[in-house]
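FYI, it's all coordinate maths here, none of it is from the lab. Just so it is clear, the model here is predicted, and its values are computed rather than measured. FYI the Cβ positions are ideal-geometry reconstructions off the backbone, even for glycines, and counts take in every protein chain you see.
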Amino acid sequence: MFVYKQKDGLEYLISTVLEPHIKHCFTTRKGGVSENKYASLNFRFRCGDPIENVRENVKKISEACGFNGVNTVTACQTHGSSVKTVTVDDCGKGVWKHSDIEDADAIITNVKKLPLMGFFADCPLVLIYDMKNKAAASVHCGWRSASEDIITKALNEMKKIFNTDTADVIAAVGPSIQRDCFEVGDDVKRAFSSNIGAWTEKYFTAAKNDGKYMCGLQSILKVQMEQNGIKSVNTDICEECMVCSHERFFSHRYTKGNRGVNAAIIQID
């Protein structure tokens, strides 16, 4: 279950599955300092919003949630399926200094007090935590990344580097575009069927427009996590649609790309 929290004018979501074990949040667009189409809690760099505004938003959410904001790390998300490991040498990259973490829609770490920040504006953002080995991941799961099985790739990398056993893993899928608003073409359906399996086809239902489908991406992600050994009871999926709730969240589809981005943050203490 997801719960809204408010502090110092900010509004954000937490997962009750993650909350007892790991510090985290999924932001809304409320409580920041950005203006106009970026109003107000925008985390999108290099978009026209002054960098000092975005950095101030990072400070605000860090202070409200208890993150070590100066160490926050981001990556360049490209809707691919590359996974990068973040170390202490990467502290601050993407926020306070230049980042060379390119082409990484999933970042993982076991470094304490190093917040991982991922961005979303309709695409599901999945936060993952290995409770035994104390390792965390931020995984951007748009349809392209999901159809390339980024969830499995991130978990396999955690197994290899941190000795993760998925029986010890908890995960939360944040707010995103839901099936009733997510109309896609046949190319999306075929990408999942070809790359992931024919079982995904049942999560595509015929849309009103010919040749189009309504995609239940969150359901596919849940099955992918369960196939990897994450217990159903250890997964949390937010059912709020970002398109329908565009006044609360930045939605790419609703604004046709003319917007800021929300952030999901996870930190090991």
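Data table
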quantity: Qualifying residue in the stretch 66-79 (condition: of a type in the set (A, V, I, L, M), under 17 Å from Pro175 (Cβ atoms) and part of a loop (DSSP other than H, G, I, E, B)); calculated: no
quantity: The one condition in (1) in contact (Cβ under 8 Å) with a residue 40 or more places away in the chain; (2) crowded, with 20+ Cβ neighbours inside 10 Å; (3) not polar (S, T, N, Q) that Ile107 fails to fulfil; calculated: (1)
quantity: Residue satisfying condition, being in contact (Cβ under 8 Å) with a residue 40 or more places away in the chain, over 18 Å from His252 (Cβ atoms) and of a type in the set (A, V, I, L, M, F, W, C), within set Ala172, Ala207; calculated: Ala172
quantity: Residue within the stretch 144-162 that is under 21 Å from Cys25 (Cα atoms) and part of a loop (DSSP other than H, G, I, E, B) present; calculated: no
quantity: Selection count, the stretch 231-247, where residues are touching a Lys or Arg at 6+ places or on another chain (Cβ under 9 Å) and surrounded by 15 or more Cβ atoms within 10 Å (Cβ to Cβ); calculated: 7
quantity: Test for Val58: is it within 20 Å of Ile268 (Cβ to Cβ) and not in a loop (DSSP other than H, G, I, E, B); calculated: yes
quantity: Selected residue (only one of Thr78, Thr16, Thr87, Thr74 is surrounded by 19 or more Cβ atoms within 10 Å (Cβ to Cβ) and polar (S, T, N, Q)); calculated: Thr74
quantity: Residue selected from the stretch 44-71 under the condition more than 25 Å from Val3 (Cβ to Cβ) and in contact with a helix residue (DSSP H, G or I) (Cβ under 6 Å, 6 or more places away or on another chain), by the criterion surrounded by the most Cβ atoms within 10 Å (Cβ to Cβ); calculated: Asp49
quantity: The stretch 165-205, residues that are among the β-branched types (Val, Ile, Thr) and surrounded by fewer than 14 Cβ atoms within 10 Å (Cβ to Cβ); calculated: Thr205
quantity: Residue that is touching a Leu at 6+ places or on another chain (Cβ under 9 Å) and among the polar types (S, T, N, Q), where the choices are Thr16, Thr74, Thr85; calculated: Thr74
quantity: Selection count where residues are more than 20 Å from Asp269 (Cα to Cα), free of Cβ contacts under 8 Å to residues at least 24 places away in the same chain and in a loop (DSSP other than H, G, I, E, B), scope the stretch 10-38; calculated: 1
